[in-house]
Each structure stands twice: as C-alpha cells, then as structure tokens.
Amino acid sequence: MSTRGWAGDAREILRVDAGFRLAEVDPGAHPGYAGNKKSGAKDLAAGIDALSELQERLFAESRAGDTTDAVLLVLQAMDSAGKGGIVRHVVGGVDPQGIALTAFKAPTEQERAHDFLWRIEQRLPEPGFIGVFDRSHYEDVLIGKVRALAPEKEIERRYDAINEFEAQVAASGTRIVKVMLHISPEEQKERLMERLERPDKHWKYNPGDVDERMLWPQYMDAYQAAFDRTSTEVAPWHVVPANSKWYARLAVQELLLIALEDIDPQWPAADYDIEAEKKRLAAS
C-alpha cells in the first residue's frame, strides 16, 4: 500500500490500454483504493497540501527560467459527472496564480474559421502552470461523431491530428493527464433530478442534457472509439469511475500528484548573496 492509500500506481490502474472496454468498467467501483469515503476525505486533504507545494515549486522554477515543464489536465465526461467538483475540490486547493482553466463551449464564428485544434493551442498552459481543460478538443470527435456534425472521414482525420498534436505538446515539456469521468445513466438521472428539485441548482440544469441522455449508447461508443484511437504512450487516457464523487476527486488528485512528482520541480536557487542581503536588510 502506498502512503496515500493506493494499492499501486494509479496511472496503471486507471489507464486505457490495448483491449480496454468501457462497457466493462463499473462506474460505482473504486479501483486501486482500499479506503472508504471517510479515509478518502483525509487522503484528499493531505493530498491538497502536497499538490499545493509541488505546484508552487513548479511555478517558482518557471519564473526563474529553469524549466519548460507544465501539466495539462483534460477532463471529459457526460453532463453532471463531476468535472466542476474536480476543479473546485482538487485544482481549487492550490494557488490560482499557477492555474490556467479553460471551459470550452461551442466554438465561436472565429474559431470555426480555423481547424478544430486552433482554439485548443491558444489555451495550452505556459511553463510552470497546471492547465485544466473542462471539455476539450475531444468534443470534436465525441459530439461530432454522435451528432454527425462532421463526416466520418473528417472524424478519422481528427483522431490522427489529435495524436500528432498531443505528441508535440508532450515533447515541449507538458505532461498530459487525460481523464474521462465515468458515471452510470442512473447516477446521472439522480444528479439531474437534484438540480431540478433544488432552487440553488436550477441554474446548473440544461434541458439539452435530457436530449443527450437519449443518446447514451452512442456516446459510450464514441468514447470507446476515442480511447481506441487516441490513448497513446505519451498521452494515455485514464477512466475514473465517478458514481462516488469522493473517489473521483481522489483519483484525479493522485494522477496530478504523480505527474508533478515525476517532474520533481525544485525551488530555484537565489541569484544574490543571501548573507549580504540579510545584513543590508538588518541595517535598513
């Protein structure tokens, strides 16, 4: 058991490899984590402290010009699967000056005038940052496929374009953490119903979500196709069962922690004489 309660490397436990079938993943399971909701809350709190320090070290190292490293978290999911909770409870626990969050909506007229990856490239994180994509370029092969917004030949071209694009991003020093939060249609129905029953959540409800629910099997097929075509060595997919919000948050936090620990950012050394500065300050 690891010190954070994981039975092994969460990257390997949750990774989409050859032969992976989304239909075989239980959205209510907690793979790799032996604890419960109570211990998960403790581990999440402890992880926030560790994540915050690693993020600050990464940011400080980049300000000194000593690194080109960055992290990009890509979040994809069906509606109400918990992307917002990940942003608030995992990413929201670190210094916001080192976070670059983008919630991609339907493309604007200007964005539609370019290739689908153009707007994505504009929002890649700078060195020292943790970038978060709440939805991403994968909308163009998910909704695009399900809703037939593009011909099948174009969807196939986009898979190849994504792989080439992500390989270039990874080669530039950005660790890509791609996560699909996987909930069941039954769990989604409960969450959407809660939004209708609570006045403080009415603003989160979108009638179009019910229309998308009617296409659940088609979306699952589209996700499977995306996994088959775009889970690569440099940018693998991770599927996180998300019926339990506490587990999903803990799992995504663990994936981010591992990415940052692999980078191992260091506090930059002072470029001035520390003892001389102490004397000057004391005398001032």
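The values are calculated or read from the model by the stated rules, or taken from the named source; none is laboratory data. Keep in mind that what you see is a predicted model, and the values were worked out from it rather than measured. Cβ atoms come from the backbone with ideal geometry, glycine included; neighbour counts cover every protein chain shown. When the accessible area is computed, the model is the full protein with side chains, heavy atoms only, and any ligands, DNA or RNA have been set aside. Shrake-Rupley method; radii C 1.70, N 1.55, O 1.52, S 1.80 Å.
Counting only residues that are in a helix (DSSP H, G or I) and open to solvent by 30 Å² or more (accessible area, probe 1.4 Å), which one in the range 94-108 is nearest to Tyr223 (Cα to Cα)? First the steps, then the outcome.
Quick first cut of the range 94-108, residues in a helix (DSSP H, G or I) only: 96-98.
Filter again for open to solvent by 30 Å² or more (accessible area, probe 1.4 Å), leaving 96-97.
Details: Pro96: 31, Gln97: 33 Å.
Ranking the qualifying residues of the range 94-108, first place goes to Pro96.
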**OP:** Specify which of the listed residues (Glu53, Glu61) is within 18 Å of Arg175 (Cβ to Cβ) and over 20 Å from the mean Cα position of the chain (by Cα).
**Re:** Glu61
Subject >> Check on Glu187, of a type in the set (D, E, K, R) and open to solvent by 70 Å² or more (accessible area, probe 1.4 Å) >> reply: no
Original post:
Among the residues of the range 162-184, how many are open to solvent by less than 60 Å² (accessible area, probe 1.4 Å) and basic (Lys, Arg)?
Top reply: 1
**OP:** Under 6 Å between Cβ atoms, at least 6 apart or on separate chains: pull out the pairs that start in the range 251-266 with a residue that is farther than 16 Å from Val91 by Cα and end on any residue that is open to solvent by 10 Å² or more (accessible area, probe 1.4 Å) and not in a helix (DSSP H, G or I).
**Re:** Ile263/Asp69
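Does Leu124 satisfy the condition of being open to solvent by 30 Å² or more (accessible area, probe 1.4 Å), under 18 Å from the mean Cα position of the chain (by Cα) and modelled with pLDDT of 95 or more?
Working: open to solvent by 30 Å² or more (accessible area, probe 1.4 Å): yes; under 18 Å from the mean Cα position of the chain (by Cα): yes; modelled with pLDDT of 95 or more: yes.
Criteria met by Leu124.
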Subject >> Single residue of Met180, Met193 found to be among the aliphatic types (A, V, I, L, M) and free of Cβ contacts under 8 Å to residues at least 40 places away in the same chain >> reply: Met193
Original post:
Can you name the number of the only condition in (1) at pLDDT below 95; (2) part of a loop (DSSP other than H, G, I, E, B); (3) of a type outside the set (Ser, Thr, Tyr); (4) surrounded by fewer than 12 Cβ atoms within 10 Å (Cβ to Cβ) that Asp17 fails?
Top reply: (1)
